[in-house]
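A quick write-up on the structure given underneath.
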């Protein structure tokens with residue numbers, strides 16, 4: 001390895017570690033901000049169940065899931081298998097001290113300690129994604145710009161990799177064991193193999209990479225066929241069918257066990273309750289309302305469903321597209337199609353460029369059809385920005401062939417690199433400031449408060465008995481017990497209890513104004529609420545945690561008798 005290449009790799013590695021530490025300190029990770037949040041706790045719970053009992057189940061359920069199975073554990077209805085497998089592997093490989101009675105003790109025994117171990121994989125994905133982007137960009141520059149020296153190639157790779165590491169969204173995803181960074185890392189690898197002409201040479205491995213990547217996010221099912229088709233088209237004509245078939249075989253291998261599980265649990269290899277997210281924002285229904293009801297709402301069917309969904313997508317797309325065009329991002333987005341049209345690159349790079357644009361379009365469509373957050377376009381966005389920067393340099397090289405002087409080309413290339421690095425530095429600075437502010441305003445209590453609630457709960461409620469709480473999966477992780485997420489309204493509790501009996505309800509909010517609609521009065525005035533016979537409250541207590549959260553604990557009376565089943 002040459003000195004410039006070695007310096008590039010070491011520089012990206014050091015930058016990734018430094019930026020991760022800075023963001024973790026700003027986020028106050030492990031103190032005000034727990035390592036696990038609502039989403040990542042669900043993966044951690046399922047991973048722990050898989051590692052300890054060998055089952056794809058979870059002790060956490062949303063109210064809408066109670067109709068699938070009346071009692072714990074519940075099937076995995078809302079998450080993809082990638083992070084479940086990673087968390088299970090971490091649980092198996094890393095220290096897990098247990099005494100003869102089965103109790104955990106010593107270092108790394110408590111859940112709030114073990115959750116730190118789960119950060120190893122997203123941290124690796126964050127750093128290695130930056131390094132991989134740098135290496136891939138350097139190799140591409142060596143092919144497309146052989147007139148430049150090795151030092152310029154390494155410098156270009158360093159700029160591309162650093163741009164990713166400076167992205168505050170990438171830094172934030174590295175703070176918790178979520179699926180966003182692994183999915184982006186997998187897509188980076190797949191696109192690098194495609195643009196460098198290596199995808200069709202190892203079709204089984206390429207398909208395997210796409211299958212593993214898809215195991216982290218459902219959008220991979222729409223993106224993988226594009227990448228497989230591009231790899232087949234890039235192959236020699238006589239090998240195209242073979243490349244496509246073996247890529248599909250590789251894609252299916254890691255996903256087949258999951259498809260079998262989903263078919264047994266939900267009747268379809270790719271369907272579960274997560275599909276209901278498409279109704280978020282349609283006809284006045286929010287995803288929160290849908291998932292926190294004890295019964296499925298009556299959704300439109302057939303042709304009647306297409307019109308409201310189309311209006312939702314059309315209404316969400318403008319804001320998502322504008323998010324991709326903020327600041328110099330517009331330059332990167334425009335540069336890629338411009339380079340494809342003007343420079344007319346070789347077939348391999350042209351295919352990769354077209355696929356990159358298509359991936360961005362698919363990701364935008366998925367986000368518009370589900371929850372219109374720009375973070376749901378993260379993987380496509382960072383790839384598009386990296387490809388757009390390279391396309392800018394490619395345009396300058398094309399213009400040099402058309403009469404632009406080499407000196408002007410270098411000046412323009414350095415100007416683009418400067419814009420990339422300055423924009424990334426500004427974004428990082430803003431992201432650190434936002435992290436400091438949001439860590440003070442979080443709606444979830446700190447790790448110590450969660451641990452105290454879990455200890456108190458386990459002392460007073462029998463092991464294995466479900467409880468209902470707005471902390472849902474976070475409490476299930478800390479307390480090692482079944483937890484049902486809080487119902488949408490207090491009056492929905494009785495319907496939830498008809499599916500699964502529970503007697504204890506915990507409300508943990510920063511203040512009554514931050515409580516969910518319908519629950520604010522119970523947080524502010526539990527005594528008055530306990531007098532309402534419809535709520536069936538027999539006992540209550542209220543106290544404030546050390547970090548300023550109000551904890552209200554209700555104990556419910558006997559549930560309504562169930563009607564006898566017909567023979």
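Derivation of every value follows stated rules applied to the coordinates shown; laboratory data play no part. Predicted, not measured: the structure shown is a model, and the values here were computed from it. Methodologically, a virtual Cβ is constructed for each residue, glycine included, from the backbone with ideal geometry; neighbour enumeration extends over all protein chains shown.
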Any chance you could run the full-extension gain for residue 425 through residue 124? It's 0.36 nm times the residue separation minus the Cα-Cα distance, nm to one decimal. 106.2 nm
Per Stokes-Einstein, at 25 °C and 0.890 mPa s, what whole-number D in µm² s⁻¹ belongs to the chain, with the Kirkwood radius over Cα pairs as the hydrodynamic radius? 95
Quick one: if the Förster radius is 56 Å, what FRET efficiency do residue 149 and residue 285 give, using the C-beta to C-beta distance and rounding to 0.05? 0.40
Which of 266, 183 has the fewest Cβ neighbours within 10 Å, and the rest in rising order: 266, 183
Does segment 447-556 come out rounded, prolate or oblate, given a ≥ b ≥ c as the square roots of the eigenvalues of its C-alpha gyration tensor, rounded meaning a/c under 1.5 and, failing that, prolate meaning a/b above b/c? oblate
Tell me, in nm to one decimal, what length is gained between residue 252 and residue 317 on full extension, where the rule is 0.36 nm per residue of separation less the Cα-Cα distance? 20.2 nm
Mind giving me the FRET efficiency for residue 274 and residue 2? R0 is 45 Å, r the Cβ-Cβ distance, nearest 0.05 is fine. 0.45
Value of [θ]222 nm, deg cm²/dmol, for the chain, DSSP H segments ≥ 4, -39500 (n - 2.57) each, nearest 500: -19500 deg cm²/dmol
Can you sort 175, 356, 124 by how many other beta carbons sit within 10 Å, fewest first? 124, 175, 356
Pop a pseudo-label 7 angstrom from the Cα along the beta-carbon direction at both residue 222 and residue 334 and give the gap in nm to one decimal. 2.7
For 413, 545, 120, 405, order by how many other beta-carbon atoms lie within 10 Å, fewest first: 405, 120, 545, 413
Once fully extended, how much extra length lies between residue 438 and residue 342, figured as 0.36 nm per residue of separation less the alpha-carbon to alpha-carbon distance? 30.1 nm
Tell me, what is the FRET efficiency for residue 528 and residue 94 to the nearest 0.05, using R0 = 41 angstrom and their Cβ-Cβ distance as r? 0.25
Using a simple spin-label model with points 7 Å from Cα along the Cα→Cβ vector, what separation in nm is obtained for residue 299 and residue 460? 3.9
In whole angstrom, how far apart do the alpha carbon centroids of segment 436-468 and segment 11-63 sit? 16
